[in-house]
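**Q** The following block contains the structure, expressed as structure tokens.
Every read-out reported here was derived from the displayed coordinates using simple, explicitly stated rules and does not represent laboratory data. Quick caveat: nothing in here was measured; it's all calculated off a predicted structure. Cβ coordinates were reconstructed from backbone atoms using ideal geometry, including for glycine residues, and neighbour counts include every protein chain displayed.
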Amino acid sequence: MARQLEHFPNLVTMFLTRAEEKGDAPFLWAKRNGQWQPITWTEASRQVAAMAAALRDIGMNPGDRVALVSENRPEWLIADLGIMAAGCVTVPTYTTNTTRDHAHILGNSGARAVIVSTQKLAKTLIPAVVTSSECHHVIGMEDIRTGQAPEELQFYHWDELVAGPSDVGEMRERVASVARDALACIIYTSGTGGAPRGVQQHHGAILHNVEGCIDIISTDFGWEDEIFLSFLPASHAYEHSGGQHFPVALGAQIYYAESLEKLAANIEEVQPTIMVVVPRLFEMLRTRIMKTIEASGGLSQYLLRRALKIGNDRHEGGVKPWDLPMDGILSLTLRRKVKAKVGGRTKAWVSGGAPLNPEVGNFFQSLGITFLQGYGQTEAGPVISCNRPSAGIRHETVGPPVKNCEVRIADDGEIMVRGENVMHGYWRNPEETARVLKDGWLATGDVGHFDAKGRICITDRKKDLIVNDKGDNVSPQRIEGMLTLQPEIAQAMVYGDRRPHLVALLVPDPEIAGLPDVQQRLQRAVDRVNSDVSILERVRRFIVTQDPFTIDNEQMTPSMKIRRHVIGKIYGEQLDALYKR
């Protein structure tokens, strides 16, 4: 029988319930001095209680906002729960934020305190704190050195606060009255088109997401001793709900990856059962696997071709009877090797945060990895829907809505969402709130429809549509996804609003970037894509840049989406010049 999740009043009570059940079992893992070191559930609950008490002692009141600036680590989750246990509201911020970003979030949220992990992150944060009119407390997880600071600015050390008095029983009684509709956190959207807005997520919104995810894993996979590897920014709604509170609900262990560079090694070491990932990382991994197999010789290439062919047949309706023996051979050879590279215990990889090219999903599914594409928005907790085996996995869809989430399609094709997962509004922004919340429904800004089996198919983002000079609509994300599947193209941005045709900005794959014939190689890649799309979608000309789109240069959001308005400002004149040739 499928195992269901209890109906909890708030996130802290859910955590404390699991902590009582799990006791001294390991919970949060981080690598220290080259070894994975755990914090038990009991110790984590003690530290949460100590942090909650410390926040109250320094003057935090229920409803006060506390900013959290940290890379993913055990202290991140303990801080998040400690803030909520104190009756306060967590304001997570990205580690890539500039001082200006921090100033905007501190000023808009009215945060009275901030928790920061390292001196490096404090370097851009503290100048924003100093100029803030309301933030007067800084808690450093490590030693934070500052120059001259205002007298009213108080500094504290994490280790001293979590070593202080703690009463888990008293904390449980205190949080019992916190209702599901109470504000849990304000998560600022990553700002693909302008200044970030603070999404008010209540406890019930995240709990609704967790309950929906557990319904999927319970029905389709079963859950017992789950292991997660956390590496997406915990400040992003997707990782916050899916990579932090979802494992808490499962009573799972969370390992915190050392870095993106060490991710592959950490996967082999940790052997996670569930991975929460964004499409860009899957695309990079697919490219790496393709290159490894290409270098391995004829047999490996043959096995990959057969795996992809059988996977495609299975996707289209079923494996041919004469292919069943080869299907068995692939499970013992190629698929086994690929699974070993991802730890060997993976139940499912879950893709979200941005659109996934169906070819990428089918690639991994063909190699024996269950691959689920989900869909959501920060404004919806963020999970709205997800593919699941029992509904039939189709990677050109994002699956049916999760449990207790209503979805309808408006007359103009916009996807509308209603449920406990929908935010109560943008913080201190009634105009934008009124624009997207209509009679209890969230207007997502995405365009789509349901297929015959009730799975959501997203055709595009309303505001990301390119409208050419003849009034025809073109999906830039679809063309960009096809371009970046070409081995010669690492990144791409399509351009052409109110223009006669499309042009593009291309970042070449590093292996060809310095070659004298890079332009010709890229042209052949573009030609291949053009042969598979309509006349309206063809890229007629392109320019090349050796500088990749990154979070550091603010051309990508922390969730790996390109910032069109930023890239457009930098390369706009060069792209416009392509129409004058």
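**Q** Counting Lys +1, Arg +1, Asp -1, Glu -1, what net charge surrounds residue 355 among other residues with beta carbon under 11 Å of its beta carbon?
**A** Numbers: positive: 280, 461, 478, 561; negative: 396, 446, 460, 464, 480.
Taking every Cβ under 11 Å from that of residue 355, the sum is -1.
**Q** Report, for the range 11-270, the % of DSSP beta bridges that are antiparallel, rounded to 5.
**A** 30 percent
**Q** Right, another one. Per 10 Å bin, what percent of the C-alpha pairs of the range 101-256 does each bin hold, from zero upward?
**A** 9, 27, 37, 22, 5, 1
**Q** Any idea what log10 I(q)/I(0) is at q = 0.14, 0.18 Å⁻¹ for the range 465-580, Debye with uniform C-alpha scatterers and no solvent?
**A** With no solvent term, the Cα-only Debye profile gives -0.54, -0.92.
**Q** Then there's this: With no solvent and one point on each alpha carbon, what is the Debye value of log10 I(q)/I(0) for the range 11-270 at q = 0.10, 0.11 Å⁻¹?
**A** -0.47, -0.57
**Q** Just how far, in whole angstrom, is the range 235-249 from the range 476-498 if you go by their alpha carbon centroids?
**A** 30 Å
**Q** Let me ask something additional. Give, in nm to one decimal, the length gained when the segment between residue 119 and residue 569 is fully stretched (0.36 nm per residue of separation minus the Cα-Cα distance).
**A** 158.8 nm
**Q** Compute the distance from the alpha-carbon center of the range 113-177 to that of the range 193-217, in whole Å.
**A** Computed from Cα coordinates, the inter-centre distance equals 26 Å.
**Q** Taking R0 as 25 Å, what's the FRET efficiency between residue 143 and residue 100 from their Cβ-Cβ distance, rounded to 0.05?
**A** Values: r = 26 Å, r/R0 = 1.02.
Once the sixth-power term is evaluated, E becomes 0.45.
**Q** Mind putting together the pair-distance distribution for the chain? All Cα pairs, 10 Å bins, whole percent per bin, short to long.
**A** Calculated over all Cα pairs of the chain, the distribution is 3, 16, 27, 27, 18, 8, 1, 0 percent.
**Q** In whole Hz and in residue order, list the ³J(HN,Hα) couplings for the range 111-122 that follow from phi through the Karplus curve 6.51 cos²θ - 1.76 cosθ + 1.60, θ = phi - 60°; x for Gly and Pro.
**A** Karplus-based 3J(HN,Hα) across the range 111-122 equals 4, 9, 8, 9, 10, 10, 7, 10, 4, 4, 6, 5 Hz.
**Q** Find how much the distance from residue 470 to residue 333 grows on full extension, using 0.36 nm per residue of separation minus their present alpha carbon separation; answer in nm with one decimal.
**A** Separation in residues times 0.36 nm, less the Cα-Cα distance, equals 44.1 nm.
**Q** Under 5 Å between amide H atoms, partner at least 5 residues away or on a different chain: which partners does residue 509 have, H built in plane at 1.01 Å?
**A** Answer set, sorted by chain and number: 489, 490.
**Q** Work the Kirkwood hydrodynamic radius out for the range 294-433: mean of 1/r over every pair of different alpha-carbon atoms, inverted, in Å.
**A** Value: 17.4 Å, from the Cα pair sum.
**Q** What is the spin-label model distance, in nm, from residue 435 to residue 305 if the labels are put 7 Å beyond Cα along the C-beta direction?
**A** In this crude label model, residue 435 to residue 305 measures out at 5.2 nm.
**Q** Extension gain residue 152-residue 224, at 0.36 nm per residue separation less the Cα-Cα distance, in nm?
**A** Full extension from residue 152 to residue 224 adds 21.0 nm.
**Q** Could I ask something else about it? Pop a pseudo-label 7 angstrom from the Cα along the beta-carbon direction at both residue 345 and residue 271 and give the gap in nm to one decimal.
**A** For residue 345 paired with residue 271, the spin-label model returns 0.6 nm.
**Q** Right, next: Given only helices, namely DSSP H runs of n ≥ 4 each adding -39500 (n - 2.57), what is the per-residue ellipticity at 222 nm of the chain, to the nearest 500 deg cm²/dmol?
**A** Calculated mean residue ellipticity at 222 nm is -11500 deg cm²/dmol.
**Q** Continuing with the same structure: Greater than 25 Å separation of Cα atoms is the criterion. Which listed pairs, 31/403; 462/569; 470/580, meet it?
**A** Beyond 25 Å between Cα atoms: 31/403.
**Q** Starting from the Cα gyration tensor of the range 1-73, take the square roots of the eigenvalues, sort them a ≥ b ≥ c, and report rounded, prolate or oblate (rounded when a/c is under 1.5, otherwise prolate if a/b is larger than b/c, else oblate).
**A** Since a/c reaches 1.5 but b/c is at least a/b, the shape of the range 1-73 is classed as oblate.
**Q** Another question about this same structure. Arrange 117, 133 by Cβ neighbour counts within 10 Å, fewest through most, would you?
**A** Values: 117 23, 133 8.
Taking fewest neighbouring Cβ atoms as first place, the list is 133, 117.
**Q** Further, regarding this structure: Considering the zone a paramagnetic label at residue 532 would reach in this model (a point 7 Å from Cα along the Cα-to-Cβ line), which residues of the range 363-386 have amide N under 15 Å from it?
**A** 363-364
**Q** Cut-off is 10 Å between beta-carbons; in what order do 470, 339 appear when sorted fewest neighbours first?
**A** Fewest to most other Cβ atoms nearby, the residues stand as 470, 339.
**Q** Gap in Å between the Cα centre of the range 353-430 and the Cα centre of the range 540-559?
**A** First find each Cα centre; the distance between them is then 26 Å.
**Q** What spacing in nm lies between the two simple spin-label points modelled at residue 359 and residue 414, each 7 Å away from Cα in the Cβ direction?
**A** 3.3 nm
**Q** Hey, fewest Cβ within 10 Å first, where do 153, 28 land in order?
**A** 153, 28
**Q** What list of ³J(HN,Hα) values in whole Hz, one per residue of the range 12-27 in order, does the Karplus curve 6.51 cos²θ - 1.76 cosθ + 1.60 (θ = phi - 60°) give from phi, with Gly and Pro shown as x?
**A** Result, rounded to whole Hz: 5, 4, 4, 4, 5, 4, 5, 4, 5, 5, 8, x, 8, 6, x, 10.
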